[in-house]
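Reviewing the structure listed below.
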Amino acid sequence: MIIAMAKVRVMGPRDQLARTLSAIQDLGVLHLAPPPVGGAVTPPTRVPRDEREPRQIRRILDDVEWDLAHLGPAPAARAPAGGPACVAWARSARRVRRGLERIRERETALEEERALILKYRQFFDAFRSLLEAERRWPRTTAYHVLLRPGDDDALPRLRQALTTVLAGAFELYDRRLGSGETAVLVVVPTDAATNLERLFEEARVEEIPVPAAYGGGSLAQAIPQMIARLGDIPEELAALSRERETVARSARAELERARAYLNDRLAQIDALNRSGVTAHAFVVEGWLPAADVPDFSRRLRSACGEDVLVSEEGREEWASAEAPVVLSNPRLFRPFEVVLRLMPLPVYGSLDPTPFVAAFFPAFFGLMVGDIGYGLVLAALALLVHWRSRPGTLWRSVSEIAGAGALFSIVAGVLFGELFGDLGTRWLGLRPILFRREDAILPFLTLAISLGAVHVLLGLILGAVSSRHHPRQALGRGLSAAMLAGVIVALLAVMEVLPRGLLTPTVIGLLVAFPVLIFAEGVTAPIELLSALGNILSYARIMALGVASVMLAVVANQMVGAMGSVAVGVTFALLFHLVNFAIALFSPTIHALRLHYVEFFGKFYSAGGVRYAPFGRWTHGAGRRAS
Amino acid sequence: MNLVWIVLGAALAVAVPALATAWAQSRIGAAIAASMAEKPELSTTAVLMIAIPETMVILGFVVALVILLRAGAAG
């Protein structure tokens, strides 16, 4: 249900504008309207400071938000009391940001150093004994090379090239590393080093460089230092983490206070830009729930004095498209408001489809899953998510929707006699009350199409109801619903499901209604009527997904006897059921949503509503509600 | 021989829409991936967009079932 809104006008002496706006912000219920300028009412006078202040606040807020995002989860100390201190906050936020950036850079450098050392350690572990002996080789030079994985010919080609250039005066050792690369150690006489370096340069083979941080010298000298460094890096990272926690403990509270104040100040500046003034008075307009108007008026006058007046504008003075939208539904339907978040809000004054989604979405889901076993597993998952989630969060709503889906799946499972496919029939003698889905495909298709006809007709009727203030549009939509029902009756009469005598009067009725429909809805009305028939056929997907689900479950059960070994067969069967369950969660959800968004909402839903974003305090969630 | 044509018809009724669905979803998936790189909040809408072409293969499946049932070849 869309809550009834009222548009109010707040007026008072011009010198009380700032105080009144502050009181309105404290109350946090008024969604501000665009500035009421016209005639004697003009926007408030702006001085250069009014242009500078929002820019400065946004700059400080950028640093504050960055700091809070990177401070980590350390708890904050109690917020110090005191008034605003924008200059101090600007300096403090910038200082904290520089400090945190330095900590992040140092952490990144240490992580990169550790990754590099680990790579060298593989090489060192492969050639430890040789590298340790390297220092004792007189008049020799050692070269350390890593060959890329996948090139199996590289090592023989290197050996061949060295033989050609150095006439066999070399030693070559190779080890395959865990990463797939090949570590190669080449030892040559020092006077042949130049030839070898030229060969490497021509073949574009790169020696593993000694990291600059370890000075000159050979890899054999640097690697022990690097291994020792591996022990120091975790301590340095821990020290940086402690430094970050110290910064968080000292700065978080003040940063959060700064964020709240600065966001409130930006909202106040925006509110000021939405007000109008005359020579002696101010005017502020906005919306709030109609039931809250008396309380709002009383509390505002209590805070600002009797000079401030609140008056409610007549309904005829504003258009529905301007009013913000708040959805309010009974507890049973409220979780399904989440489904509407994927769509733009409905226009104020139109229909809130939440109750219909709450009725039909679980029903479609249940018919597609249609299994007692899968329904019970889903119910268990829904309970787990419900227990782990907090009230009012998205996950809580998802768990409640999943619970409804599980309930309908179990009910449909009882109707179709399915428990993990045909296991219920084979083990427990479970019998269907309606029909068995894998055998009765046409009856199931008939059920799905019938459900689609009801759903689409309901959508058209809701379209007629929601456009009741526009008689011609309402006539067109109502007539579309009646003609669609007439087409269905005529088809059923032709198929002799209904008495054949109904055919002639139905066809006459359709012929009479046809020109009236074109008059009401235009020449495209027949095309839309045909598309409505196509929309009904789209509900055949309920049958398709339901049959696919039960067939997969039956095949999973047949795996047990088909594998030779019972243990292997049971394992495969469980895996198949798991895959089928995952598909049963995903596909029916997507297609049930699609049936609502496209086939159902397309008949009556008027998108384009404005989200209710009251002017309030940041600490009360005002800024975050608006985003 | 008739049975061969019937089963072939049913197979084509699923296979051709499946190919069309796969082609459509590949184009939509690529476009959605590019959009989500700039606007990650589109993720939920993206899943729905990718699922919309599945109508083709589902209705193809229905047609195949009707062909087989009519021919008495199913079950």
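Brief remarks on what is shown
- The listed residues are A:Ser538, A:Ser467, A:Ser480, and the only one of them that is under 30 Å from A:Gly421 (Cα atoms), touching a helix residue (DSSP H, G or I) at 6+ places or on another chain (Cβ under 6 Å) and surrounded by 15 or more Cβ atoms within 10 Å (Cβ to Cβ) turns out to be A:Ser538.
- Checked against (1) within 14 Å of another protein chain (Cβ to nearest Cβ); (2) of a type in the set (A, V, I, L, M, F, W, C); (3) part of a loop (DSSP other than H, G, I, E, B), A:Ile542 meets all criteria but (3).
- Filtered residue count, the stretch A:536-575, keeping only those that are within 35 Å of the chain's Cα centre (by Cα) and more than 21 Å from B:Phe61 (Cα to Cα): 5
- Taking the criterion of being without any contact (Cβ under 8 Å) to a residue 60 or more places away in the chain and over 15 Å from A:Ile2 (Cα atoms), the residues of the stretch A:304-330 that qualify are A:Glu306, A:Gly314, A:Arg315, A:Glu316, A:Ala319.
- Unmet requirement for A:Val339, which otherwise passes all of (1) over 30 Å from A:Gly602 (Cα atoms); (2) within 14 Å of chain B (Cβ to nearest Cβ); (3) of a type in the set (Val, Ile, Thr): (1)
- Residues satisfying the criterion are present in the stretch A:518-535 (criterion: more than 14 Å from every other protein chain (Cβ to nearest Cβ), within 40 Å of the chain's Cα centre (by Cα), under 30 Å from A:Arg315 (Cα atoms) and touching a residue at least 12 places away in the same chain (Cβ under 8 Å)).
- Among the residues here, B:Ile28 does not qualify as touching a Leu at 6+ places or on another chain (Cβ under 8 Å), away from chain A (no Cβ under 12 Å) and of a type in the set (Val, Ile, Thr).
- B:Leu48 fulfils the conditions (1) in contact with a Leu (Cβ under 9 Å, 6 or more places away or on another chain); (2) in contact (Cβ under 8 Å) with a residue 40 or more places away in the chain; (3) closer than 25 Å to A:Gly534 by Cα except for a single criterion, (2).
- Taking the conditions (1) within 12 Å of the chain's Cα centre (by Cα); (2) more than 30 Å from A:Val338 (Cα to Cα); (3) within 14 Å of chain A (Cβ to nearest Cβ); (4) among the hydrophobic types (A, V, I, L, M, F, W, C) in turn, B:Ala20 satisfies each one other than (3).
- Qualifying residue in the stretch A:570-577 (condition: more than 30 Å from A:Ala23 (Cβ to Cβ), hydroxyl-bearing (Ser, Thr, Tyr), away from every other protein chain (no Cβ under 14 Å) and in a helix (DSSP H, G or I)): yes
- Those strands (runs of 3 or more DSSP E) of the stretch A:103-207 in which at least 1 residues are closer than 30 Å to A:Glu236 by Cβ and in contact with a strand residue (DSSP E or B) (Cβ under 9 Å, 6 or more places away or on another chain), considering only elements entirely within it, cover A:140-147, A:182-189.
- A:Thr278 vs. criteria hydroxyl-bearing (Ser, Thr, Tyr) and loosely packed, with under 15 Cβ neighbours inside 10 Å: yes
- Among the residues of the stretch A:404-446, those that are within 14 Å of chain B (Cβ to nearest Cβ) and charged (D, E, K, R) comprise A:Asp422, A:Arg436, A:Arg437, A:Glu438, A:Asp439.
- Qualifying residues in the stretch B:43-75 (those that are touching a Ser or Thr at 6+ places or on another chain (Cβ under 9 Å) and small (Gly, Ala, Ser)) - the one nearest to the other protein chains (Cβ to nearest Cβ): B:Ala51
Laboratory data are not the source of any read-out in this text; all were calculated from the coordinates shown. Predicted model only: the values in this text are computed from it and were never measured. We place every Cβ from the backbone using ideal geometry, glycine too, and count neighbours over all the protein chains shown.
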